[in-house]
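S.K.: Please see the structure below; I have some questions.
Where a number appears in this text, it was derived from the coordinates with a stated rule and is not lab data. Bear in mind that the values here come from a model prediction, so they are computed numbers and not experimental data. All Cβ positions, glycine included, derive from the backbone under ideal geometry; neighbour counts span all protein chains shown.
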Amino acid sequence: YSELTTLQAALASRQFELYYQPKVNMRTGEILGAEALIRWHHPEEGLKAPGSFLPALHDTATGIALGRWVITQALSQLQTWLDQGIDLRVSVNIDGYHLQHPDFLHELSVTLAGFPALPPQRFELEVLETSTIEDIGHVYAVLDACRRMGIRISLDDFGTGYSSLSHLRDLSVDTLKIDRSFVKNMLTSRNDLAILKGVIGFAGAFGCDVVAEGVETRQHSQRLLELGCEFGQGYYIARPMPADAFHAWAAAWQ
Ligand code: G
Ligand code: G
Ligand code: NA
């Protein structure tokens, strides 16, 4: 069996699960949303993180199939939470090769139509600005079409790519996610702090939300608030968790 065949079988036998990591307003405590993060329940090796299996799926039909599963699963969970009165947004990570698939937009609109009661504004795509993109003009057109459907677009790991600023110039986005490396080093490195301040400033100037990733300590949270970044995600707030743990976490958090 090749690794790809194994992953295909894993998808067919429902060995994947989405975990969810909260994003909150660090000033008010309000829960803003949750990022879906895939996990694999490997029959022998236990719970596996995406870094250990997503690379083998890069630009494959099984990778596309898994991406579709992630979207449908996340929308269905979002609908469940909204029905339960948990008022949040859900985001998924979307690979560049999936975005560039010719059927992507059509499939997404059909999938969304399967959740007619769901406001598309509650759904967000996190796009890695470093993901391999052959035709940036096409990707911009796809992301613009998603926004016209009402779906939010977030630029993930913002600031780590070579073209962060041109993306901001050429694409309308709703959210910038400050890469965790800048947050990690902000208390000790003037350069990281300078970039972090810059990203917060750009978000303000372009009218986007800004979310800090990798908020690991109270000091990070406080310093981010002083700098004008209210939204955060990270181990200080909560680790990624199974969907059915989210309810209890939210109740304890409030
Ligand atoms: O959950 P963890 O921190 O191990 O995730 C590592 C990285 O894997 C994330 O930063 C994200 O970029 C990627 N990732 C997680 N879940 C998904 C997913 O469902 N689809 C894609 N394409 N990438 C994901
Ligand atoms: O880049 P992306 O937004 O997809 O980041 C999600 C990844 O970051 C997941 O792998 C998640 O487990 C990890 N992560 C989430 N919070 C923290 C944190 O506070 N510190 C570190 N080191 N990793 C985190
Ligand atoms: Na992400």
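S.K.: Out of (1) of a type in the set (Ser, Thr, Tyr); (2) under 20 Å from Glu35 (Cβ atoms); (3) under 18 Å from the mean Cα position of the chain (by Cα), the odd one out for Ser172 is which?
M.R.: Of (1) of a type in the set (Ser, Thr, Tyr); (2) under 20 Å from Glu35 (Cβ atoms); (3) under 18 Å from the mean Cα position of the chain (by Cα), only one is false for Ser172: (2).
S.K.: When the residues of the stretch 98-152 are narrowed to those that are within 16 Å of ligand 3 (Cβ to nearest atom) and among the acidic types (Asp, Glu), which ends up farthest from the chain's Cα centre (by Cα)?
M.R.: Glu129
S.K.: Can you go through Arg239, Arg223, Arg147 and tell me which one is within 30 Å of Glu17 (Cβ to Cβ), assigned to a helix (DSSP H, G or I) and either among the aliphatic types (A, V, I, L, M) or out of contact with any Phe, Trp or Tyr (no Cβ under 8 Å at 6 or more places or on another chain) (or both)?
M.R.: Result of the check over Arg239, Arg223, Arg147: Arg147.
S.K.: If you don't mind, another one. Quick check on the stretch 41-67: of everything there that is away from ligand 1 (no atom under 11 Å from the Cβ) and part of a helix (DSSP H, G or I), which residue is surrounded by the most Cβ atoms within 10 Å (Cβ to Cβ)?
M.R.: Thr62
Residues are listed down the side, and each one gets a yes or a no for (1) within 16 Å of ligand 3 (Cβ to nearest atom); (2) over 14 Å from Glu126 (Cβ atoms); (3) outside any loop (DSSP other than H, G, I, E, B); (4) in contact with a strand residue (DSSP E or B) (Cβ under 7 Å, 6 or more places away or on another chain):
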position	(1), (2), (3), (4)
Ser154	yes, no, yes, yes
Leu168	no, yes, yes, no
Val173	yes, no, no, yes
Leu176	yes, no, yes, yes
Leu187	no, yes, no, no
Lys197	no, yes, yes, no
Gly204	no, yes, yes, no
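This table checks each residue for (1) surrounded by fewer than 21 Cβ atoms within 10 Å (Cβ to Cβ); (2) among the aliphatic types (A, V, I, L, M); (3) on the phi < 0 side of the Ramachandran plot.
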{"position": "Asp144", "(1), (2), (3)": "yes, no, yes"}
{"position": "Phe182", "(1), (2), (3)": "no, no, yes"}
{"position": "Leu196", "(1), (2), (3)": "no, yes, yes"}
{"position": "Gly214", "(1), (2), (3)": "yes, no, no"}
